Every structure is written in C-alpha cells, then in structure tokens.
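Below: one structure, written as structure tokens.
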Amino acid sequence: MSSHVPNAPLRTAVVGTGSIARSSHLPALQKLAAEGGVEVVAAVDVDGPAVRAFAEEFGIPHASTDLDATLSAVRPDLVVLCTPPAVHREQSVAALRAGAWVWCEKPPSPSLADFDAVAAAEGGTGGQSAEEGVGSEAAERGDGTGPYASIVFQHRFGSGARHVRALLRGGALGRPLVAHCQTTWYRDKAYYAVPWRGRWATEGGGPAMGHGIHQTDLLLDLLGPWAEVRGMAARLVHDVETEDVSTALVRFADGAVATLVNSVLSPDEVSRIRVDCELATIELTHLYGHRNADWRITPAPGVPEETVAAWRDFGADEPSSHLAQLRVLVDDITSGRRHTTSGAGGRRTLEFITALYKSAFTGTTVRAGDIGPGDPYYTELHGGAPGWAPAATVKEEDHV
Ligand SMILES: NC(=O)c1ccc[n+]([C@@H]2O[C@H](COP(=O)([O-])OP(=O)(O)OC[C@H]3O[C@@H](n4cnc5c(N)ncnc54)[C@H](O)[C@@H]3O)[C@@H](O)[C@H]2O)c1
C-alpha cells in the first residue's frame, strides 16, 4: 500500500508523458505542488528518451519505462494516467493494487466490462465527494476508504458548472424540460492519418467517445439520471472504423428530453449545452473549456429582477480545467472520500455512450441498466455490429 502521511503532499506518479501530460497535467500538478498539495515523484512512459527528457524538464526525480517497477520502488499515493485508452484498464488495476488512487484520462476504458474490472480492484467502500453532498449518489453507494479510480472530466469543475449544478439540483429554475448538447468540432484527414485514431481498439470510439464525452458528461452531471436513448451514427467523411458523427434523442428519468450531436465534421466548431427549465434557459457556449462569461441565463417572463441577478452571480471566476478538478480530487483523497467522477459517477457517462452506440447499431431504444455481462456491447463498444466492428470480430448471430 502507499505510505501516505496525513497532511503530507500526495506523492504522485505521471504515466504517459505525451501532449496532455505536458499541456494540462504538469501545469496543474506544479501549481498544486507549490501550494503543498502534491509532489510529483515519478514519470513513466514506454519511450525511454521521452520520459527522461520529461523528468529532467519538470524536475521529477524518478524516470522509468516500467510502471510495475515504479509502483514498487516509489509507492505513490496517486497515479495520473495520461496514456492511450487501450492501456487504461491494466494500468488502473496495477496502480490500485499497489495502493495508489488513480486519476485516468478520458475515455475511461474502452468498455463497461473494463470499467467494472477497474472498480473491482478498488479498495474498501466510505465517504462521499464534497462536490456531491449528503444524500448524493455517493452516499447511497455506501462508499469507503479507497483507494479509488476516477476519470478526468474537467468540464464538470470550475465556478460555472458548480453554480449551475447548484441552481438545477436545488430546483431554483423549476423543472428542466428540454436540453441540447452539442460537440460539433472539425478534424481533418491529417488528424486521422495517425494509425491509432479512428479505431475501436486504440482510440476507444469515434466522436461520441473521444470528443463529445466531455459535453455528454456535463449534461448528465447537470440533469441527473437518464432513462433511455435512441442513437444514430454515420461515417460520412473519414476512412475510419468508428463513426465520424452521431446524434441521439434522450429521455431523462425526471421526464426531461434532450438532443445530442457529436461531430468531427463541423467547420464552425462549438461546444454547447442548453437547458430550458420552467423558469429560465441556461446556455453554455465554448470550445475546449469554459469560464463564467461563457454561461448565459435567460429568465422566463415574470421572474423578479433580484432573483435573476442572484442566478447570474457566478462568484469568482474559476475556469473549468484539469487544475480545477485536481484541487477537488486532492481534497477528496486526503479526506478518504470517493471523488465525483469515480464509481457510479464516472460509469454513467460510459454507460450512456455505450447505449448510444448500441441503439445506433441495432436500431432500438436502449434503457439505462440494459447493458450488462453477456451483452455484446458490454465488452465492445461496436458490439460486433456488421459494418461497424473490425471485420474479424463481426458476430452475425448477435445481429440477426
Ligand atoms: N481531458 C482532455 O481534455 C484530453 C485532451 C486530450 C487528450 N486526452 C486523453 O489523454 C490521453 C493521452 O492523449 P495524448 O494526446 O496525450 O496522447 P500522446 O500520444 O501525446 O501521449 C501518450 C503517451 O503515452 C505513452 N504511452 C503509450 N503506451 C504506454 C504505456 N503502455 N505505458 C506508458 N506510456 C505509454 C506514449 O509514449 C506517449 O508519450 C488519451 O486518453 C486522450 O483521449 C484528454
């Protein structure tokens, strides 16, 4: 087990030293290190020269190409996985078994079966995330002391998401009725020329999984449990195994309905969420991260001005970012709490995306809880569907 000393910085290992580690994780870790919350003690990558250069640049004492040896030698409290999705399962399990908490880049792992295997390697069950509060899903899960695995879903964090979540969950805006969730981005042929992209086994999925996952995750976080989804997927431009665009109709457990679009074919790029409630419309418009000014609240007729002014007071601006999530995560770990993107709070987004694919590839409505062991979509997001699965894995009997 890790040897975390109460009140000491969390000894942290970074695994995968490519672009997201460099652009987002190290700046966030360095900021928290300066505040005494973490200490980056190791870097691991299969590329020896790259990991040594990374460790030297950021002053990290231990550089290695071997994760297991590093876990044994360094005994980190926290392992941050910035590797490609295909290795998220095995690396999460290895870190948990070594007693470390895990913060894994999205997409969590390529399938619900993989996600459940990681969850099975977590420690005891206990507290709840500070973000969720009493009476939350986490409290109902009866969580314990960890270590737990959590996912990087940084768009749920920062002042804007926190304020709007409180307004929606507290019922201040009345019932949510209609929502739109849009990730319309543009990726060119050169982007898909990289061999691991556009393939189920290596990228994990198309834009429903790789790109739209952040807006989808935020929508589910804001609106609560979803009940059913009807999806549609298409491969319109790129020479890929996965889709390059998908759409979905969603019904939430409380009756609200939503539309969803995930595209890499949209020259005018935007990420948008809009929720029409009884008393106001909330709209978020941004691209890769949001701040207070990116949110707009439009009241229904008759709402008093002071009420609208209170709704529009987002407080000090804290942009959504890896740093914003890491702050909450470190606080949860040091308090022995399950983080909000861990367990059921991370699984629901993967389950929703899996259901979108199953619905799209089978032409059926898929309900929450439908996909479990024995379902072809439990182990593979393409479910073996003809025309979508890699040719060698198509199982015709599953799709008669
Ligand atoms: N949260 C976000 O907004 C966001 C943005 C971009 C990427 N990502 C995710 O981050 C992850 C990494 O993406 P990236 O763009 O940094 O990729 P990258 O290719 O730039 O970096 C990945 C690194 O992992 C290393 N690696 C590969 N296999 C390994 C293994 N088995 N053990 C150790 N190291 C290994 C590679 O050598 C490389 O240095 C992906 O899951 C991606 O979806 C998240």
*Neighbourhood net charge (14 Å Cβ-Cβ; Lys/Arg +1, Asp/Glu -1) for Arg272*: -3
*Compare Gly345, Gly198, Gly59 in a GNM of the chain, Cα atoms joined below 10 Å, and give the one with the largest fluctuation.*
Gly59
*Just subtract the alpha-carbon distance of Ser23 and Ser335 from 0.36 nm times their residue separation and send over the number in nm, one decimal.*
109.5 nm
*With no solvent and one equal point scatterer per Cα, compute the Debye intensity ratio I(q)/I(0) for segment 214-259 at 0.14, 0.29 Å⁻¹ and report its log10, rounded to two decimals.*
-0.42, -1.02
*Taking segment 249-300, which GluC sites (Glu not before Pro) meet the DSSP loop condition and have no more than 14 other C-beta atoms within 10 Å?*
Glu278
*If you take all C-alpha pairs in segment 248-347, what percent of them are over 16 Å apart?*
73
*Hey, what did the chain get for relative contact order, percent, Cα under 8 Å, at least 6 apart?*
18
_Cα centroid of segment 356-377 to Cα centroid of segment 238-316, whole Å_ = 26
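Compute the longest continuous run of the chain that contains no exposed chymotrypsin sites (Phe, Trp or Tyr not before Pro); treat a site as exposed when its DSSP state is not H, G, I, E or B and it has at most 12 other Cβ atoms within 10 Å.
Here the longest run is 1-195.
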_Can you give the local net charge around Glu318? Use residues other than it whose beta-carbon is closer than 11 angstrom to its beta-carbon, Lys and Arg +1, Asp and Glu -1._
+2
*Projected-area mean, segment 325-367, by convex hull of Cα positions, square nanometres*: 3.4
*For segment 273-400, what is the convex hull volume of its Cα atoms per residue in Å³?*
192
*asked:* Taking a ≥ b ≥ c as the square roots of the Cα gyration tensor eigenvalues, with a/c under 1.5 meaning rounded and otherwise prolate when a/b beats b/c, else oblate, which class fits segment 36-77?
replied: oblate
*For the chain, what proportion of DSSP beta bridges, expressed in % and rounded to the nearest 5, is antiparallel?*
60
*When the convex hull of the Cα atoms of the chain is projected onto a plane and the area is averaged over all directions, what value comes out in nm²?*
19.7
_Quick check: residue separation of Trp196 and Arg97 times 0.36 nm, minus the Cα distance between them. What number comes out in nm?_
32.8 nm
*Beyond 17 Å, what share of the Cα-Cα pairs of segment 269-314 is found? Please give it as a whole percent.*
36
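Rg to Rh ratio, segment 22-98, alpha-carbon atoms and Kirkwood radius?
0.94
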*Could you work out which residue, out of Pro195, Pro376, Pro176, moves most in a Gaussian network model of the chain, that is, has the largest mean-square fluctuation with Cα springs under 10 Å?*
Pro195
_Compactness of segment 139-216 - radius of gyration and Dmax, Cα, Å_ = 17.6, 48
*Taking only pairs that are 8 or more places apart or on different chains, how many Lys pairs in the chain have Cα atoms under 27 angstrom apart?*
5
_Counting only helical runs of four or more DSSP H residues, what would the 222 nm mean residue ellipticity of the chain come to if each run contributes -39,500 (n - 2.57) and the total is spread over all its residues?_
-9000 deg cm²/dmol
_Above 21 Å lies some portion of the pair distances; for segment 227-303, what is it as a whole percent of all C-alpha pairs?_
46
*Scan segment 11-109 for GluC sites (Glu not before Pro) in coil per DSSP, keeping those whose Cβ has at most 14 other Cβ atoms within 10 Å, and list them by number.*
Glu35
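Read the figures in this text as sums done on the coordinates, not as results from a lab. As the structure is a prediction and not an experimental result, all values here were calculated from the model. For neighbour counting, all protein chains shown are included, and Cβ atoms are generated from backbone atoms with ideal geometry for every residue, glycine included.
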